[in-house]
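Here is the structure we will look at.
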Amino acid sequence: MKLSSLGSAIRNALIAFAAALLLAAVSDAQQQMNSQQTPNATASTNDMQSELHMLTDVQRQPGVVIDRKEQAAYDAFFRVGPEQPDKKIQLGNEFLQKYPKSILAEAVDSGLTNAYYAKQDWQGFYSSADKALALKPDDVDVLTTVGWVIPHIFNSSDPDADAKLDKAESYEKHAIEVMAKMPKSTSLTDAQFSALKAQKALQAHSALGLVYFRRQDFDNSAKELQQATQDNASPDQTDLFVLGVDLENLSRFGEAADAFNRCGLIPGALQDRCKQNADAARKQPK
């Protein structure tokens, strides 16, 4: 075997190994996040604020009158916590069957998307998300969540694998565009609004980083994951691990060691591997 072929084989093996570790880390992370309903620690609070804000804005629109029973059914749906996804799904579907043309249907579809995520029911998840975005294409919560999930549960043998990555990239880029022009809600303070947008932006850049990693576009993956982790007090362990792999593939071993070191400080499935990779990266010539 030629040296160039050997180098290519080693690199391909590294990529395959990193992808396998990524899948293992995602599985562990999903188990931890089941009780949170969405893929980040603050999402439940954010979703509740978004839901309440949506209802308030709808009620303020001139000429919009919500039937008392319809509003009661809507309130009952959103009172169900993330620890009861089956009940939430039942009430959400009952609402949509009874009030299919409701002005609140998009908010219910959005809430159902999160409930199906908690159950890892991907058919229901994508179906609800599609319905929500058909009614409101600029729904940042749905765009960022779907775009984040796709590269995490990615299967390269899926005949639609490339199309799904394209969809995730499109969703996250659109979410970032929407957030740049989004007017501040009167129900939020400036600080709350900035915090909500910052949290969603971190999720969008995290998703884009993993999309590019799946395509073996290590340069763009590293750029996105640096944005997702650089000023993040609670970075995602998987993001840091993938960032380290990206930087290794770019021969930026000092930076890779730093990323792996940060990853190794976080308890989780990748902690030991990140510590080992940090040590190995430090030994590489600078």
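For a Förster distance of 41 Å, can you work out the FRET efficiency between the beta-carbons of residue 101 and residue 272, rounded to the nearest 0.05?
Working: r = 54 Å, r/R0 = 1.32.
For R0 = 41 Å, the calculated efficiency reads 0.15.
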Going by how many other Cβ atoms sit within 10 Å of their own, how do 263, 274 line up, fewest first?
274, 263
The answer for residue 236, listing residues at least 5 apart or on another chain whose modeled amide H is closer than 5 Å to its amide H, is none
If neighbour count is taken as other Cβ atoms inside 10 Å, put 236, 258 in order from fewest to most.
258, 236
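Could you order the peptides 277-283, 228-234, 143-149, 201-207 from most to least packed, using the average number of other C-beta atoms within 10 Å per residue?
Per-residue mean Cβ counts within 10 Å order the peptides as 143-149, 201-207, 277-283, 228-234.
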Need one number: nm distance between label points at residue 265 and residue 119, each 7 Å from Cα along Cα→Cβ, rounded to one decimal.
4.0
Per-residue counts of other Cβ atoms within 10 Å, averaged by peptide: what ranking do you get for 109-117, 66-74, highest first?
109-117, 66-74
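Return one quarter of the surface area of the convex hull spanned by the alpha-carbon atoms of the stretch 118-178, equal to its mean projected area, in nm². Working shown, then result.
Numbers: hull surface 16.3 nm².
If you wrap the Cα atoms of the stretch 118-178 in a convex hull and average its projections, you get 4.1 nm².
With r defined as the distance between the Cβ atoms of residue 230 and residue 156 and R0 fixed at 30 Å, what FRET efficiency is calculated, to the nearest 0.05? Please list the in-between numbers first.
On the way: r = 29 Å, r/R0 = 0.96.
Here the calculated transfer efficiency is 0.55.
Given R₀ = 22 Å, what would the calculated FRET efficiency be for residue 251 paired with residue 173, taking r from the Cβ atoms and rounding to 0.05? Before the final figure, lay out the partial values.
Values: r = 28 Å, r/R0 = 1.28.
Efficiency, from the Cβ-Cβ distance: 0.20.
For 253, 77, what ranking results if the residue with the fewest other Cβ atoms within 10 Å of its Cβ goes first? Intermediate results must be reported in sequence, preceding the final value.
Details: 253 18, 77 25.
Fewest-to-most Cβ neighbours within 10 Å comes out as 253, 77.
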For the stretch 158-173, in residue order, the Karplus 3J(HN,Hα) values (coefficients 6.51, -1.76, 1.60; θ = phi - 60°; whole Hz; Gly and Pro = x) are 5, x, 9, 4, 5, 5, 5, 5, 4, 5, 4, 4, 4, 4, 5, 5
Round to a whole angstrom and tell me the spacing of the C-alpha centers of the stretch 94-154 and the stretch 208-250.
27
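Read-outs throughout are calculated quantities, based only on the coordinates presented, and are distinct from any laboratory measurement. The shown structure was predicted, so the numbers you read here are calculated from the model rather than taken from an experiment. When we count neighbours, we look across all protein chains shown, and the Cβ atoms used for this are built from the backbone with ideal geometry, even at glycine.
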